[in-house]
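Colleague: Below you'll find the structure I mean.
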Amino acid sequence: MEAIRKYLKSMGYSLIGPEYYSQIHEWLKWYSGKVPSFHEYSQFNGKKSVKRSRCSLGMSKKVCEDWADLLLNEKTDIRVSNEEADEFLKEVLERNNFRVRSNRLLEITYAMGTGAFVEYYDDKGVAIDYIRADMIYPLSWDNGEITECAFASEKVMGGSRYIYLNMHIKENGCYKIINRLFLRKKNGQLEETELPDGVAAEFSSGSEKPLYQIITPNIVNNFDPDNPMGISIFANSLDILQGIDLVYDSYQNEFRLGKKRILIPAGMAHIHRDDTGITPIFDDNDTEFYVMHDKSLGELKEINMELRADPHEKALKKNLDLLSAKCGLGSGRYSYEKGRVKTATEVISDKDELYQSIRKNEIIIRRALTELADRVCFLGGFENSEISTYFDDSIIEDTATIAERAMKELEHGIIDKIEYFVKVYNLTENQALDLVEKMKSREAV
């Protein structure tokens, strides 16, 4: 939003250049599945140029869906050592539909390069906002970390369009929250207006930590290395995505153009008269028939075009392998041959790229989820609690194997009972310690 950029610049902030946001919108077009500059084209048919539209396999969205499902699914868990704080956190996450919306945010984040969680109060208590890349405006950053940030979003109220601006500024060691509301006029200009009831224009959070968490794919921004925002997971795979849709479109055309045709002499397509009435020799809805007015054609002639399915399938498979590898999912993920999918055990034993990529991307997501839980607890009046985040390891390693190995380690004295419960049951260290103490007291009775 150029008007928001102008407003923030008027406050003295240096912002990321507009060309980067143009790049974000280009990634968004690929995510949507249709890029006008590529999928819409003109073709000369010998007489004139005809407008054509290429088919899209929509693989850019599929890649982002898969990454979201690998990193944030129903088995992802956040736990707080303080039981009361843990219950409060779970209630807030449930009320904010966190499992659904966080997965969706991660999907759009991997498409557009950046996303954010923002915590705040509303009339129901602690709330969480889910912000996509084109609504994020870093104001200050240090060593790649965004230390001050503004979030803009469009709202429709009473039939009018508004832009809500939420700024997180560090002042005297604590974060100050600044809220602004603008009426969006038809000419694109913004007019500052009053905030809704209950929303303060400015207030101090009372915390040295921000009430937001930035998430990105864990890959280097090679478009602008000094830019603190991320890049799309498929940013360096646009040529491959074009190749996939070129092959797929050709594959579709192969079947459209290769339909069986039966050429009929014009004399055989006449109307037939009999006692029952008048009926055509051939049904006009039978698309395989084509009437020829060439007198040299004296009989029915069948034309069967040879379909080049195999070459297309090989080309499509090669491009899908390239896309999968380039996006960190390992080669062969999108091979549907034999209806077979690699098991978790195979991923580990093959040292698949997917294992390394998941672990690498979990680093950023783990930090964001842990900090989000910490901030939710802070807003609820709970502080200094131990927070642990757990991911679905069964995707990359069989949970039964983990439990079996942990049991052997326990039996051989490599780990103690506390470590065993942390590994197998995903307890925090304090929770595991409490459980061991309870077990001891029961044994003493």
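Read-outs: derived from the displayed coordinates by stated rules, not from any lab. Worth saying up front: this structure is predicted, and the values here are computed from it rather than measured. In this analysis, Cβ positions are derived from the backbone assuming ideal geometry, glycine residues included, and neighbour counts consider all displayed protein chains.
Colleague: Hey, with R₀ at 30 Å, roughly what FRET efficiency would L15 and Q242 work out to, going by the Cβ-Cβ distance, to 0.05? List each step's numbers first, then the result.
Modeller: Values: r = 31 Å, r/R0 = 1.04.
So, using R0 = 30 Å, E works out to roughly 0.45.
Colleague: Given a Förster distance of 51 angstrom, what is the FRET efficiency for K417 paired with E191, based on the Cβ-Cβ distance and rounded to 0.05? Can you show the working numbers first?
Modeller: Details: r = 64 Å, r/R0 = 1.26.
With R0 = 51 Å, the Cβ-Cβ based efficiency is 0.20.
Colleague: Under a plain spin-label model, where a point goes 7 Å from the Cα along Cα-to-Cβ, how far apart in nm are K438 and C55?
Modeller: Using points 7 Å along Cα→Cβ, the separation is 5.8 nm.
Colleague: If packing is taken as the average number of other Cβ atoms within 10 Å across a peptide's residues, how do 190-197, 104-111, 67-74 rank, most packed first? Display every interim value, and only then the final one.
Modeller: Details: 190-197: 11.6, 104-111: 24.0, 67-74: 18.5.
Those peptides, ordered most packed to least, come out 104-111, 67-74, 190-197.
Colleague: Now a separate question. When the chain is fully extended, how far beyond the present Cα-Cα distance does L322 get from H25, taking 0.36 nm per residue of separation?
Modeller: Values: separation 297, 0.36 × 297 = 106.92 nm, distance 2.37 nm.
Computed gain between L322 and H25 is 104.5 nm.
Colleague: Report the net charge of residues surrounding E437, where surrounding means a beta-carbon distance below 12 angstrom and charges are Lys +1, Arg +1, Asp -1, Glu -1.
Modeller: Numbers: positive: K417, K438, K440, R442; negative: D434, E443.
So the environment of E437 carries a net charge of +2.
Colleague: Continuing with the same structure: Based on a Kirkwood Rh over C-alpha pairs, give the Stokes-Einstein translational diffusion coefficient of the range 32-77 at 37 °C and viscosity 0.692 mPa s in µm²/s. If you can, show how the numbers build up before the last one.
Modeller: Details: Rh = 13.4 Å.
Diffusion coefficient, whole number: 244 µm²/s.
Colleague: Next up: Evaluate the distance, in nm, between pseudo-label points positioned 7 Å from the Cα of F38 and of S331 along their respective Cα→Cβ axes.
Modeller: 2.2
Colleague: Through the Karplus equation 6.51 cos²θ - 1.76 cosθ + 1.60, θ set to phi - 60°, convert the phi angles of the range 225-237 into ³J(HN,Hα) values in whole Hz; use x for Gly and Pro.
Modeller: Rounded to whole hertz, the list is x, 8, 7, x, 8, x, 10, 4, 4, 10, 4, 9, 10.
Colleague: Still on this structure: Highest mean first, how do 219-225, 373-379 rank when packing is the count of other Cβ atoms within 10 Å averaged over residues? The partial results should precede the final answer.
Modeller: Values: 219-225: 13.4, 373-379: 23.0.
In descending order of packing, they fall as 373-379, 219-225.
Colleague: Taking 0.36 nm per intervening residue step and subtracting the Cα-Cα distance, what contour gain separates A200 from R95 on full extension?
Modeller: On the way: separation 105, 0.36 × 105 = 37.80 nm, distance 2.29 nm.
Full-extension gain reported as 35.5 nm.
Colleague: Taking amide H positions as placed 1.01 Å from N in the peptide plane, with prolines and chain starts having none, which residues 5 or more places from F382, or on another chain, fall under 5 Å of its amide H?
Modeller: Residues meeting the amide H criterion: none.
Colleague: Stretch R367-N430 to full length: gain in nm at 0.36 nm per residue minus the Cα-Cα span? Before the final figure, lay out each step's value.
Modeller: Values: separation 63, 0.36 × 63 = 22.68 nm, distance 1.97 nm.
Going from the current span to full extension adds 20.7 nm.
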